[in-house]
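Please read the structure below before turning to the comments.
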Amino acid sequence: MDRLTLRRPDDWHLHLRDDAMMRAVLPETTRNFARAIVMPNLVPPVVTARDAAEYRDRILAAKPTGSKFRPLMTLYLTEETDVRDLRAAADIGLITAVKLYPAGATTNSASGVRDFSKVRRVLENMAQIGLPLLVHGEVTDPEIDIFDREATFITRVLDPIRRDIPGLRVVMEHVTTRDAVDYVREGGADIAATITTHHLVINRNHILAGGIRPHYYCLPVAKREEHRHALVKAATSGDASFFLGTDSAPHLDTAKLQPCGCAGCFTATNTLSILAEVFEAAGALDRLEAFASLNGPAFYRLPPNEDRIVMEKGAPVAYPSSIATEEGPVTVFDPGMPLHWRVAE
Ligand code: NCD
Ligand code: ZN
């Protein structure tokens, strides 16, 4: 097979940032993706309906002319989130989901949730109206080893919340462990998970063996090979509980290459080529459409995109090693393998 037609994909977890960075990275996503769930972890975060409307307008103003790209906005859940403001934003279709960051878990998460009892009423309201909660599933307890933080989050935080608030619809974002895959697979219709492109390709050796590689450092941090294997199995299985959220998270190289560098892999540019390679290697090219274009809209109760993209296989595609911004380069994720599939039309 050297030609593949699929419904235009969507990205169910994306960081677009703002200002110069947004102008530089937005075309990398709008080129092939129809919609994206836009993460709200700006500084300061997107907390109110008004913040979301203004951010959406800045994205629409920055998008390339002629592009039909639609940003799907999210609110950043805080202990002070106003239920009425949130419900009004959901009612008018301004927001598609709400993001939960445990305080301190990742980039710009300081305003996140410390005391889950303080967001109970918000979560109950979300369950009533079917508004998905997107969780960054890592505990922040310094006693817990960083490689165990996702698995511990499931038992300590996520499962208790879901038992406490039946009907709450949850997307466990960027899962990195077999524990999370198993939990989601067995969790029924109200839970799903996004899987990133890079977590299908790298394990923790890629970050640490033979020299430290800051461009492979992201959160949740990549785990052992057996976990990567579980992610590939889940993504390529066709199971509707799993769909693409690239978590493409641009940081300037000057922010990554530091004694204490930022977390995030920038994959918007070459994501579809990498995915086709991964799915082909798994003998599952015919399931790429489910993962990238069908399962996400189904969970979000949105129609899949009507138009199609065509991917073609040929000589290895050369992607730029970095994207230029007005403030300096952002390194594009290096999958460490030749990419033979490109989006042709
Ligand atoms: C993200 C970022 O840079 O905003 N970083 C990352 O490593 N994934 C935040 C996040 O999604 O955790
Ligand atoms: Zn993210």
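The values are calculated or read from the model by the stated rules, or taken from the named source; none is laboratory data. For clarity, every value in this text was computed on a predicted model and none was experimentally measured. Glycine gets a Cβ as well: all are built from the backbone with ideal geometry, and neighbour counts include every protein chain shown. Accessible surface is based on the protein model in full, side chains and every heavy atom, while ligands, DNA and RNA are left aside. Shrake-Rupley method; radii C 1.70, N 1.55, O 1.52, S 1.80 Å.
Calculate, for the stretch 194-305, the solvent-accessible area per residue in square angstrom, rolling a 1.4 angstrom probe over the heavy atoms of the protein chains.
Details: 3910 Å² over 112 residues.
For the stretch 194-305, the per-residue accessible area is 35 Å².
For the chain, the Stokes-Einstein estimate of translational diffusion at 10 °C and a viscosity of 1.306 mPa s comes to 79 µm²/s, using the Kirkwood hydrodynamic radius over alpha-carbon pairs. Taking amide H atoms as placed 1.01 Å from N in the peptide plane, the amide H of S322 lies under 5 Å from those of V332, each 5 or more residues away in sequence or on another chain. One decimal place: the segment I92-S67 gains 6.7 nm when fully extended, by the rule 0.36 nm per residue minus the C-alpha distance. From the largest down, the stretch 201-345 spans 44, 35, 34 angstrom on the principal axes of its Cα atoms.
Say the cut-off is 25 Å between C-alpha atoms; which of K223/K256; K68/K223; K63/K233 go over it? Mind dumping the intermediate values first?
Values: K223/K256 20 Å; K68/K223 36 Å; K63/K233 35 Å.
Too far apart for the 25 Å limit: K68/K223; K63/K233.
How many percent of the accessible area of the chain is carbon or sulfur, using a 1.4 Å probe? All intermediate terms of the calculation are to be shown ahead of the outcome.
Working: 7040 of 14200 Å².
Whole-percent figure for carbon plus sulfur exposure: 50.
May I ask you to derive the FRET efficiency for H229 and D141 from their Cβ-Cβ distance with R0 = 25 Å, giving the value to the nearest 0.05? The calculated FRET efficiency here is 0.35.
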